[in-house]
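First up is the structure itself, then whatever we jot down about it.
The values are calculated or read from the model by the stated rules, or taken from the named source; none is laboratory data. These numbers come from a predicted model, not from an experiment. Every residue, glycine among them, receives a Cβ derived from its backbone with ideal geometry; neighbour counts consider all protein chains shown. Accessible surface areas use protein heavy atoms only, side chains included; no ligands, DNA or RNA. Shrake-Rupley method; radii C 1.70, N 1.55, O 1.52, S 1.80 Å.
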Amino acid sequence: MPKKGGKKSGKLSRMTEEERLLYMQQKMMAEEEQNKKKEDMLMQFLKDKLGKEEQSSKINMSKLNVQWRAVLREAKAKELRKDIEILHQTFERVVDCKDNVIKSLIKDIDEAEEQYAHALRSHLQNIDQLLELQRERLDLLQEEYQQELETIQKEFDTERKLIIEQNEKETSYLQNVMLAMEQNTLESENEAKQEFQSMRDDIKNKNLEEKHSLRVILEGTVEDLWKQFQQALKNYTNATEDRKIAFEALKAKDEKSSEEIAYQMKKLQKIQEKITALRNKVASHARGSDEQNRQVRENKEVVHNQFQKLKGQMNQTRSADHSRLTTLTMQSNATLKELNRIIEKGEQILRLAEMCRKLETEEEKVLPFYPSSLSDAEKEEAERASMEQPSEQLAQLMLDYTALDQFWKRYNKVLLERWALDREKTVLSHDNQKLRVLLKQYLDGISVSNEILTQQNSLLILNNRSNLTQKVVLQVTVTDKRVQRPVHNVIEAAHVVSHSL
């Protein structure tokens, strides 16, 4: 070792100042790295140790939980067996009660069926009576109808005979008138023919004479005129040769146009006939449509009046329905609120019943109803009274609550027990107060202090005199250290298990 130190010191002595500083820095850095490695190794060792401890603690905790669970299962199994026995007994009791209720309901159903059969028979009898009355009414109406039909037929036959006789008389009168008119017309026609023949012969003779004289005169004039005509014709033909040709062309054209005009006139005549026929049809249709329009207007007025009437009725019913709907909504909202209140009250009652069920004793769970104190005769009298039909309204309302008799029994039993416990509590509190006073006097008698000496004490006697002047009720408070009981903190195993899992 001294040699190494000497070597190092010699080595350092041989180094320059800068080399020495570098060497020292390197040495310090190596030491720091070594220290850091040691710390890391130590931290890793501690972490491994902590992980092992945590793993072992988890395993031990799981073992404890398993053991606690086994213990709690055994305890809970015992409680559940007891509860199952109690529930079995209560279930049998409830089943018996349900059997009794079912029997009573079957009896009520039989009675209701009898009442229904009786009502059905009476209803069928009433229907038969109504049918018989309806048949009698229909027979009377049929007889009246036949009588009126016979009278109307008789009147029709008499009127028909009168009309036929009158028609025969009028036809015979008209035939006689026609014969007389034919005879008169024949006579006047023969007279007119004779006069016409005579006048015709006279006029014919006169015309022949005048014709002969005029023929002689006209023959001379015709010859002169013929010569003049021939001369004028030559002149005319020479002058109107071109016009004749144009005339022939126009004549042919005129014939064609006349034929076309005749065709168009026929066509126009047919169209005119069709127009007249269509006008007649239009007039007839217009008359029919006017009648139909009048009927439609009348029907429209009737329908409009009915519509207005129905609209008024609909508005009235709508307003009435709206008012009924508003009242119904208000009543339904009030009913829903009331039902919610009843449901909340029922849930509260069920919660209270569950809480009370936990506090019941085994005897109360098995026999929840107290035995009746009535004798056999009193029981029979009570049953007869319950079977009778009530006459007063209050008694009839009480029948609706007969199903709550068992509940009121239990309620009255609990109420009586509560009153008994209240009375016992008052008695015990009074006794406790007396005991506290005696304990106070005893403690004051065995202890001596300034506070006790200043107070009135019957045991303290000085110079044959007591400081007790008047009777005072003394009490010892519960918080007094002389009577205060020691307090022990208890933690249940279930609480520990629930927080440790």
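Please go through segment 47-72 and give me each residue that is of a type in the set (D, E, K, R) and open to solvent by less than 90 Å² (accessible area, probe 1.4 Å), ordered by number. Correct list: ASP48 only. Can you tell me which residue in segment 177-199 is nearest to the chain's Cα centre (by Cα), limited to those that are polar (S, T, N, Q) and open to solvent by 100 Å² or more (accessible area, probe 1.4 Å)? Here the answer is GLN183. GLU380 fails exactly one of the following numbered conditions: (1) open to solvent by 70 Å² or more (accessible area, probe 1.4 Å); (2) within 30 Å of LEU80 (Cα to Cα); (3) modelled with pLDDT of 75 or more. What is the number of that condition? Looking at each condition in turn, GLU380 falls short on (2). When you scan segment 9-21, do you find a residue that is modelled with pLDDT under 60 and of a type in the set (Ser, Thr, Tyr), even just one? Within segment 9-21, one or more residues are modelled with pLDDT under 60 and of a type in the set (Ser, Thr, Tyr). Whether a residue is open to solvent by 100 Å² or more (accessible area, probe 1.4 Å), over 30 Å from GLU85 (Cβ atoms) and part of a helix (DSSP H, G or I) was assessed, and ARG341 passes this test. Residue-level check: of (1) of a type outside the set (Val, Ile, Thr); (2) modelled with pLDDT under 80; (3) surrounded by 10 or more Cβ atoms within 10 Å (Cβ to Cβ), GLU219 misses just (3). Of all residues in segment 200-212, those satisfying the criterion of being open to solvent by less than 100 Å² (accessible area, probe 1.4 Å) and among the charged types (D, E, K, R) are ASP201, ASP202.
In the set LEU367, LEU336, LEU374, only one residue is at pLDDT 80 or above and either among the aromatic types (Phe, Trp, Tyr) or surrounded by 10 or more Cβ atoms within 10 Å (Cβ to Cβ) (or both); that residue is LEU336.
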